[in-house]
Amino acid sequence: MKLILISLALTLFLCGMVPAKSTAKLIVGVSSVNVAFLPLYVTQERGFFKDEGLDVLLVMFNAGNTNLQALAGGDIQIMASAVAETVLGRAAGIDVRNFWGVCNLMPFELYSQPSLKSMKEAKGKRFAISRFGSLSDFLTRASLRHFGIDPKEVTILQIGSTPARFAALSSGGVDATIIWFPVTEQAKAVGFRKLFDLKDIYPEWPYETFAARESWLAKEKDQVTKFLRAIQKGTRHTRDNKDDAVRILRKYVKMDPAVAPAGYDQYRDSFPVDGKIAEKGILNIVEQEFDDGRIKRKITIDEMIDRSFMNALRGK
């Protein structure tokens, strides 16, 4: 009997010494619901994060700057967002860095009421953006300047996400706004005028990236590597399995099944398996924000990008 008790006690002691397999929890802020984040949705849906021992929660925001605020406040660990917000965040003293490219594409087009026939007539008109400091704000101002118009000569209104801005355009509440697929298809169908394709200014563009605080990236390298290994699996699956990717696209983005395959085709080649970030676009953002006086100095590419994870996982 004594031998049995000793054996049981030893077993319990040894069991206590063996650590249980733990799951690391990560909260990822996503700045908008759109096709550009399809590899992220696929990674979540296919369970690739769980395969790496990660419990990932995706939290949706209606604009990039609110996502940035959540990152700065410690409410999220990673932000999936446009580079423009991270430039302003860095300039404001937040130690944010982009560490992986999600989508390299310029998908935005500028649409207006039929009565607005060209950008030459834009002075005094109302332009909808999501929030000040967001990508839609940056691109609206860039479009105006491209046509020689000072943004101060128009009214810029904070409306919200692309669907909200399109609703404002449809109701006559604004004269123009930038939108992306598939809302562009809706705009064409109801007769709104396409004024400008932003690809004409920015053919190479880092549309969406993963970014985090430098302090967190340095502390949690193992978690970040696991996160990105899962993303690589998700990106490959997205590119190689159209039918499944379109199914997931419809689930997460609530996209009309009639246009979802076209959306996939438009974005597929913009999803980098190696996490490459189209760096030239970052320089464009820094130059314009500096010229506008919204940042006090020209932030360097090396300040904005942590390439260590791309280098470590390249070819994997």
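The values are calculated or read from the model by the stated rules, or taken from the named source; none is laboratory data. Only a predicted model underlies this, so the values are computations on that prediction, with no experimental measurement involved. In this analysis, Cβ positions are derived from the backbone assuming ideal geometry, glycine residues included, and neighbour counts consider all displayed protein chains. Please note that ligands, DNA and RNA were not included when accessible areas were found on the heavy atoms of the full protein model with its side chains. Shrake-Rupley method; radii C 1.70, N 1.55, O 1.52, S 1.80 Å.
Assorted remarks:
- Additional length obtainable on full extension of the chain from K199 to D222, 0.36 nm per residue less Cα span: 4.6 nm
- Whole-percent carbon and sulfur share, accessible surface of region 23-87, 1.4 Å: 48
- Subtracting the Cα-Cα distance of A258 and D51 from their residue separation scaled by 0.36 nm leaves 71.2 nm.
- For region 73-89, the Karplus equation 6.51 cos²θ - 1.76 cosθ + 1.60, evaluated at θ = phi - 60°, returns couplings of x, x, 6, 10, 9, 10, 10, 9, 6, 6, 5, 3, 5, 6, 5, 5, x Hz by residue, with Gly and Pro reported as x.
- Angle between the chain longest axis and helix 162-171 axis [Cα atoms, degrees, rounded to 10]: 30
- Peptides 206-212, 291-297 ordered by packing proxy, namely the average of other Cβ atoms within 10 Å per residue, highest first: 206-212, 291-297.
- Among D240, D274, D55: highest mean-square fluctuation, GNM of the chain, C-alpha pairs under 10 Å: D240
- Taking amide hydrogens as placed 1.01 Å from N in the peptide plane, the amide H of M60 sits under 5 Å from those of V30, each at least 5 positions away in sequence or on another chain.
- Sorted largest first, extent of region 137-293 alpha carbons per principal axis (Å): 49, 43, 25
- When only alpha carbons of region 261-310 are considered, Rg and Dmax amount to 14.7, 44 Å.
- For the chain, adding -39500 (n - 2.57) for each run of n ≥ 4 DSSP H residues and dividing by the number of residues yields -13000 deg cm²/dmol at 222 nm.
- Taking the DSSP bridge list for the chain and keeping only pairs wholly inside it, about 50 percent are antiparallel.
- Full-extension gain in nm, D95 to A24, via 0.36 nm per residue minus C-alpha separation: 23.3 nm
- Crossing angle, helix 221-240 versus the chain [Cα axis fit, 0-90 degrees, rounded to tens]: 60
- Unsatisfied cross-links (Cα-Cα over 23 Å) in the set K194/K242; K125/K296; K152/K280; K123/K280; K120/K194; K117/K152: K194/K242; K125/K296; K152/K280; K123/K280
- Per residue, in Å², the accessible surface of region 184-316 once ligands and nucleic acids are set aside, probe 1.4 Å: 50
- For the chain, averaging the sequence separation of C-alpha pairs within contact (under 8 Å, six or more residues apart) and dividing by the residue count gives a relative contact order of 27 percent.
- Local net charge near R213, Cβ-Cβ under 15 Å (Lys/Arg +1, Asp/Glu -1): -3
- A viscosity of 1.002 mPa s and a temperature of 20 °C, combined with the Kirkwood radius over Cα pairs in Stokes-Einstein, give a translational diffusion coefficient for the chain of 103 µm²/s.
- Net charge in the neighbourhood of E153 (other residues with Cβ under 15 Å of its Cβ; Lys, Arg +1, Asp, Glu -1) is +3.
- Each Cα pair under 8 Å and six or more residues apart adds its sequence gap; the mean of these over the residue count of region 209-316 is a relative contact order of 23 percent.
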